[in-house]
Amino acid sequence: MSTRRLSAAFMVGVAAATGGCATSRLLIDAEIIRTNTHTALAFEETVFNKHHVREGFERYVGPDFTQHSATLPDEREATINVLSHLLDSDYPRRA
């Protein structure tokens, strides 16, 4: 677990111990939402802005990946290949 997440988990635990059950649940929910948002933004930055598709999938996408787009293949490796090709051909990186 990263130092940042460990620190956040500790702070949530302290808040839960001192603030009562209702407050702790709200803090935990808020932390989960914040973490999910940061993860989604990091994936977007890695894959779509930096064009590091494989790195983004390896770091942020779980092994049970399911593609829900009608235009992309269902298999993980095929999706990585198609996205890599699309980004390189349709949205080339600027020098």
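Has the stretch 86-93 got any residue that is among the aromatic types (F, W, Y) and under 17 Å from the mean Cα position of the chain (by Cα)? No, there is no match, as no residue in the stretch 86-93 is among the aromatic types (F, W, Y) and under 17 Å from the mean Cα position of the chain (by Cα). Inspect all residues belonging to the stretch 18-40 and state whether any of them is at pLDDT 85 or above, touching a Phe, Trp or Tyr at 6+ places or on another chain (Cβ under 9 Å) and surrounded by 11 or more Cβ atoms within 10 Å (Cβ to Cβ). Within the stretch 18-40, one or more residues are at pLDDT 85 or above, touching a Phe, Trp or Tyr at 6+ places or on another chain (Cβ under 9 Å) and surrounded by 11 or more Cβ atoms within 10 Å (Cβ to Cβ). Residues satisfying the criterion are present in the stretch 60-71 (criterion: in a helix (DSSP H, G or I) and touching a helix residue (DSSP H, G or I) at 6+ places or on another chain (Cβ under 7 Å)). Within the stretch 46-59, being open to solvent by 40 Å² or more (accessible area, probe 1.4 Å) and either within 17 Å of D88 (Cβ to Cβ) or not in a helix (DSSP H, G or I) (or both) holds for F48, N49, K50, H52, R54, E55. Going by what's in this entry, would R93 be described as out of contact with any strand residue (DSSP E or B) (no Cβ under 8 Å at 6 or more places or on another chain) and either assigned to a helix (DSSP H, G or I) or touching a residue at least 60 places away in the same chain (Cβ under 8 Å) (or both)? Judged against the criteria, R93 is not a match.
The values are calculated or read from the model by the stated rules, or taken from the named source; none is laboratory data. All values reported here derive from a predicted model rather than from experimental measurement. Counting neighbours? That spans all protein chains shown, and the Cβs are built from the backbone with ideal geometry, glycine included. Accessible surface areas use protein heavy atoms only, side chains included; no ligands, DNA or RNA. Shrake-Rupley method; radii C 1.70, N 1.55, O 1.52, S 1.80 Å.
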